[in-house]
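**Q** Supplied in structure tokens, the structure appears directly below.
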Amino acid sequence: MMNILILLPLVIPFFGAVLTLFFREKITVQRTVFSVSSGLVFIVSLFLLDHVFTSGVFSVQIGGWKAPFGITFVVDKLSAIMISISGLMAFSTSIYSFGSIDAEREKFGFYTLLSTLFVGINGSFLTGDLFNLYVWFEVMLMSSFVLIALGGTKPQLEGAVKYVTLNLISSLFFLVAVGILYGIVGTLNMADLAVKIKTHQDPWLITTVALMFIIAFGIKSAMFPLFFWLPASYHTPPAVISAVFAGMLTKVGVYAMIRVFTLIFTNNPEVTNGVLIVLAGATMLVGVLGAAAQNDIRRILSFHIVSQIGYMIMGLALASPLAIAGAVFYIIHHIIVKTNLFLIGGIVNEIKGTFALNKLGGIYKAYPLLGLLFLIPALSLAGIPPLSGFWAKFSLVKAGFEAEAWFITGLSLFVSILTLFSMIKIWNEVFWKDLPEDVENIDKFSGFSTAKKRFLFIPVIILAVCTLIIGFFTAPFLMLPQVPHPNW
Amino acid sequence: MILFLALITGILTTVGIFLILRRSLVKVILGLAFLGHAANMLIFTIGRITKGKAAFVPEGSLSPFEPFADPLPQALILTAIVIGFGVQAFLIVLFKQNYKSLKSDDLDNMNTTDML
């Protein structure tokens, strides 16, 4: 029974993807299939969570080949949490896309691609084998390549060229690192690697490979100085695609990094964590300064993804249990909040037809509910108590003080102020100030059908409520993943 | 033999890096293809080459005789080749579409999405 349950997060969206291919012209069927399949994944993930917390880690050997020879799928607390978040994201973005994606993109396989994207993401969270992780990354990347170019507008194609090229180079680094690691240690099963690396006679050789993994996952998770593909491409596709990418994709990179550096490469922590903490500080600062220079909602938010990745890496690099728990909580919080901000930016664009700050204004006066819905994730991102971002930053800062890492902790607090500055900038320019006089007042909201209004606002409200829940009931979420060292 | 393969890997990597640093998109595609081949050669070489000893289990025994060629690097390479093939097919189409809309394959003309 559990064997089937562990595979369902892969099987359900995969069959969903196949099914949508049969109904290319029937959009309603495609929509139903996608939202039902993502809803089912979320329900399955709740069962997985329940099982992991009551009876611990469990694994499946695919095809009956015993570990370490076959491919292992493992569910521990960390992967169960990530699966449930991805299910939630798939469900809420599916509702949003009903109201915002044009019929042409829907007919061209938007839901199929989104399904395969989530197959890849869930596979990355479940696998216990390093090469298999590479394969799931490729599944995810392939779908994201097509999604980012889907529609074929000029900026999209240009963004896609940069996104695709740099991500392919990262995949090559990953592949080479996996190959070298196999040559040195002779296994690719993560648990087996963890055991064999501890007793390996040449730890520096292993550390060299570990640094290659930092490069590979560093490009994927948009870490300084490897993040340039992200602000060049994430603002080009429609808002809902940006939202899924902003929420999930870079965090899969961070998840892989947490997995690899807490489980496998633990033999030389001074070097790997030393490199990571320097990069974390630079990522935070450069990201937030980049955001300060931008004048477009989506570009500001894109640079903030980079900045926030720095916090997660900081938690990983500090490496105390509290810091790791903080980093994982940061991932949960950030996926929800960042997706929500992109969705709200999309609503603003639907109403006003632009993302540019100097052509917007007066949204709060006309739509106070939208303003309020923006404030919740925006203040949460900046870390205002009692919202979720505060607890994420609080646990990281506390871990930083405990580790006596004064500089990085101080830097993280300074970056929070700049984050608040950026969020207030969006608030002032888009919601609070009056519409500039020389700008024509466009308002398409009255032209929306009731269904469209519901499709646009329901997911935003769901995600805002999730932010409030993990803000007010933080303890279970923060304690959840405290030990991401599975012994399967 | 290993020295030869290592040299080949080095040459392929050099060519690949040289090509992806060119401004023409066509050369970038070729460069990525070269780098992919270099990665595959590297996995093949580092997986300990054994000449003429396939990993077949002879009748009546439970494991192949030592030393035998490790089949796993070959399986990894096969998977990587298939993935690389698909990705390159997509790359060519994407770059072609981009060329159609931009009327140029010079990377220096592709900076409009970075403008403030």
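The values are calculated or read from the model by the stated rules, or taken from the named source; none is laboratory data. The shown structure was predicted, so the numbers you read here are calculated from the model rather than taken from an experiment. Positions of Cβ are backbone-derived with ideal geometry, glycine not excepted, and every protein chain shown enters the neighbour counts. Ligands, DNA and RNA are excluded from the accessible area calculation, which covers all protein heavy atoms including side chains. Shrake-Rupley method; radii C 1.70, N 1.55, O 1.52, S 1.80 Å.
**Q** Can we say residue A:429 is out of contact with any Ser or Thr (no Cβ under 6 Å at 6 or more places or on another chain) and over 24 Å from residue A:307 (Cα atoms)? Before you say what the answer is, go through the steps one by one.
**A** Working: out of contact with any Ser or Thr (no Cβ under 6 Å at 6 or more places or on another chain): yes; over 24 Å from residue A:307 (Cα atoms): no.
Spelling it out, it is not the case that residue A:429 is out of contact with any Ser or Thr (no Cβ under 6 Å at 6 or more places or on another chain) and over 24 Å from residue A:307 (Cα atoms).
**Q** So, restricting to helices (runs of 4 or more DSSP H) that lie completely within the range A:1-111, which ones have at least 1 residues that are in contact with a Phe, Trp or Tyr (Cβ under 7 Å, 6 or more places away or on another chain) and at positive phi?
**A** Working: elements: A:2-21, A:27-55, A:77-100, A:103-107.
By residue number, no helices (runs of 4 or more DSSP H) qualify.
**Q** Something else about it: Restricting to the range A:133-161, name every residue that is within 21 Å of residue A:84 (Cβ to Cβ) and open to solvent by 20 Å² or more (accessible area, probe 1.4 Å).
**A** Correct list: A:136, A:139.
**Q** When the residues of the range B:65-74 are filtered to those that are assigned to a helix (DSSP H, G or I) and more than 9 Å from chain A (Cβ to nearest Cβ), which remaining residue is most open to solvent (accessible area, probe 1.4 Å)?
**A** We begin by selecting, within the range B:65-74, every residue assigned to a helix (DSSP H, G or I); these are B:71-74.
Next cut, more than 9 Å from chain A (Cβ to nearest Cβ) only: B:71, B:74.
Working: B:71: 70, B:74: 93 Å².
Going through the qualifying residues, I end up with B:74.
**Q** What are the residues in the range A:140-172 that are more than 9 Å from every other protein chain (Cβ to nearest Cβ), part of a helix (DSSP H, G or I) and hydrophobic (A, V, I, L, M, F, W, C), if any?
**A** A:140, A:147, A:148, A:166
**Q** Residue pairs, Cβ under 8 Å, 6 or more apart or interchain, first in the range A:65-80 and at pLDDT below 80, second part of a loop (DSSP other than H, G, I, E, B). List them.
**A** A:65/A:71; A:67/A:128; A:67/A:488; A:68/A:187; A:68/A:188
**Q** Which residue, of B:93, B:15, is more than 10 Å from chain A (Cβ to nearest Cβ), open to solvent by 30 Å² or more (accessible area, probe 1.4 Å), free of Cβ contacts under 8 Å to residues at least 40 places away in the same chain and assigned to a helix (DSSP H, G or I)?
**A** On the way: B:93 fails: more than 10 Å from chain A (Cβ to nearest Cβ).
Result of the check over B:93, B:15: B:15.
**Q** Kindly provide the set of residues from the range A:20-35 that are free of Cβ contacts under 8 Å to residues at least 24 places away in the same chain and open to solvent by less than 80 Å² (accessible area, probe 1.4 Å), ordered by number. So that I can check it myself, show each step before the final result.
**A** Within the range A:20-35, the subset free of Cβ contacts under 8 Å to residues at least 24 places away in the same chain is A:22-23, A:26, A:28-29, A:32.
Within the range A:20-35, A:23, A:29, A:32 qualify.
**Q** If you don't mind, there's one more thing I want to ask. Any residue at all in the range A:285-296 that's over 28 Å from residue A:397 (Cα atoms), open to solvent by 20 Å² or more (accessible area, probe 1.4 Å) and at pLDDT below 90?
**A** Within the range A:285-296, one or more residues are over 28 Å from residue A:397 (Cα atoms), open to solvent by 20 Å² or more (accessible area, probe 1.4 Å) and at pLDDT below 90.
**Q** Going residue by residue through the range A:200-223, is there one that turns out to be assigned to a helix (DSSP H, G or I), β-branched (Val, Ile, Thr) and within 8 Å of another protein chain (Cβ to nearest Cβ)?
**A** First, pick out the residues of the range A:200-223 that are assigned to a helix (DSSP H, G or I): A:203-220.
Narrowing further to those that are β-branched (Val, Ile, Thr): A:206-209, A:214-215, A:219.
Now narrow it down to the ones that are within 8 Å of another protein chain (Cβ to nearest Cβ): none.
Scanning the range A:200-223, I find no residue that is assigned to a helix (DSSP H, G or I), β-branched (Val, Ile, Thr) and within 8 Å of another protein chain (Cβ to nearest Cβ), so the answer is no.
**Q** Can you name the condition, by its number, that residue A:69 falls short on among (1) more than 23 Å from residue A:212 (Cβ to Cβ); (2) more than 14 Å from chain B (Cβ to nearest Cβ)?
**A** (2)
**Q** Additional query: Got a sec? Which of A:460, A:465, A:397 is surrounded by fewer than 20 Cβ atoms within 10 Å (Cβ to Cβ) and within 25 Å of the chain's Cα centre (by Cα)? Before the answer, list the steps.
**A** On the way: A:460 fails: surrounded by fewer than 20 Cβ atoms within 10 Å (Cβ to Cβ); A:397 fails: surrounded by fewer than 20 Cβ atoms within 10 Å (Cβ to Cβ).
Criteria check complete, one pass: A:465.
**Q** Here is a further query. Within the range B:99-115, does at least one residue satisfy the condition of being among the small types (Gly, Ala, Ser), assigned to a loop (DSSP other than H, G, I, E, B) and either open to solvent by less than 80 Å² (accessible area, probe 1.4 Å) or at pLDDT 90 or above (or both)?
**A** Quick first cut of the range B:99-115, residues among the small types (Gly, Ala, Ser) only: B:101, B:104.
Then keep just the ones that are assigned to a loop (DSSP other than H, G, I, E, B); that gives B:104.
From what's left, either open to solvent by less than 80 Å² (accessible area, probe 1.4 Å) or at pLDDT 90 or above (or both): B:104.
Scanning the range B:99-115 turns up at least one residue that is among the small types (Gly, Ala, Ser), assigned to a loop (DSSP other than H, G, I, E, B) and either open to solvent by less than 80 Å² (accessible area, probe 1.4 Å) or at pLDDT 90 or above (or both).
**Q** A follow-up question, please. Please find, among A:178, A:244, the residue that is open to solvent by less than 10 Å² (accessible area, probe 1.4 Å), among the aliphatic types (A, V, I, L, M) and over 30 Å from residue A:110 (Cα atoms).
**A** On the way: A:244 fails: over 30 Å from residue A:110 (Cα atoms).
Within the list A:178, A:244, the selection yields A:178.
**Q** Also: Name every residue in the range A:109-132 that is away from chain B (no Cβ under 13 Å), in contact with a strand residue (DSSP E or B) (Cβ under 7 Å, 6 or more places away or on another chain) and either open to solvent by 10 Å² or more (accessible area, probe 1.4 Å) or of a type in the set (Gly, Ala, Ser) (or both), in order of residue number.
**A** Kept after step one, since they are away from chain B (no Cβ under 13 Å), are these residues of the range A:109-132: A:109-112, A:114-115, A:117-119, A:121-128.
Imposing the further condition that a residue be in contact with a strand residue (DSSP E or B) (Cβ under 7 Å, 6 or more places away or on another chain) reduces the set to A:126-128.
Within the range A:109-132, just A:128 meets the criteria.
**Q** Separate question: Name the single residue that is nearest to residue A:114 (Cα to Cα) among those in the range A:226-285 being more than 14 Å from every other protein chain (Cβ to nearest Cβ) and among the hydroxyl-bearing types (Ser, Thr, Tyr). Spell out how you get there, then give the answer.
**A** At the first step, the residues of the range A:226-285 found to be more than 14 Å from every other protein chain (Cβ to nearest Cβ) are A:226, A:238-241, A:243-285.
Filter once more, keeping what is among the hydroxyl-bearing types (Ser, Thr, Tyr): A:250, A:255, A:262, A:266, A:272, A:283.
On the way: A:250: 16, A:255: 20, A:262: 30, A:266: 35, A:272: 35, A:283: 29 Å.
Among those that are more than 14 Å from every other protein chain (Cβ to nearest Cβ) and among the hydroxyl-bearing types (Ser, Thr, Tyr), it is A:250.
**Q** Looking at the structure I just gave you, is residue B:60 at pLDDT below 85, out of contact with any strand residue (DSSP E or B) (no Cβ under 6 Å at 6 or more places or on another chain) and at positive phi? Before the answer, list the steps.
**A** Numbers: at pLDDT below 85: yes; out of contact with any strand residue (DSSP E or B) (no Cβ under 6 Å at 6 or more places or on another chain): yes; at positive phi: yes.
Spelling it out, residue B:60 is indeed at pLDDT below 85, out of contact with any strand residue (DSSP E or B) (no Cβ under 6 Å at 6 or more places or on another chain) and at positive phi.
**Q** A follow-up question, please. Go over the candidates A:370, A:379, A:360 one by one and state the one that is open to solvent by 10 Å² or more (accessible area, probe 1.4 Å) and of a type in the set (A, V, I, L, M). Spell out the reasoning first.
**A** Values: A:370 fails: open to solvent by 10 Å² or more (accessible area, probe 1.4 Å); A:360 fails: open to solvent by 10 Å² or more (accessible area, probe 1.4 Å).
On inspection, the qualifying residue turns out to be A:379.
**Q** Hey, another quick one. Could you check residue A:220 against (1) more than 28 Å from residue A:81 (Cα to Cα); (2) surrounded by 23 or more Cβ atoms within 10 Å (Cβ to Cβ); (3) of a type outside the set (A, V, I, L, M, F, W, C) and say which number it fails?
**A** (1)
**Q** Which residue out of A:311, A:255 is under 27 Å from residue A:205 (Cβ atoms), out of contact with any His (no Cβ under 7 Å at 6 or more places or on another chain), open to solvent by less than 10 Å² (accessible area, probe 1.4 Å) and modelled with pLDDT of 90 or more? Talk me through it step by step, then tell me what you get.
**A** Values: A:311 fails: under 27 Å from residue A:205 (Cβ atoms).
Within the list A:311, A:255, the selection yields A:255.
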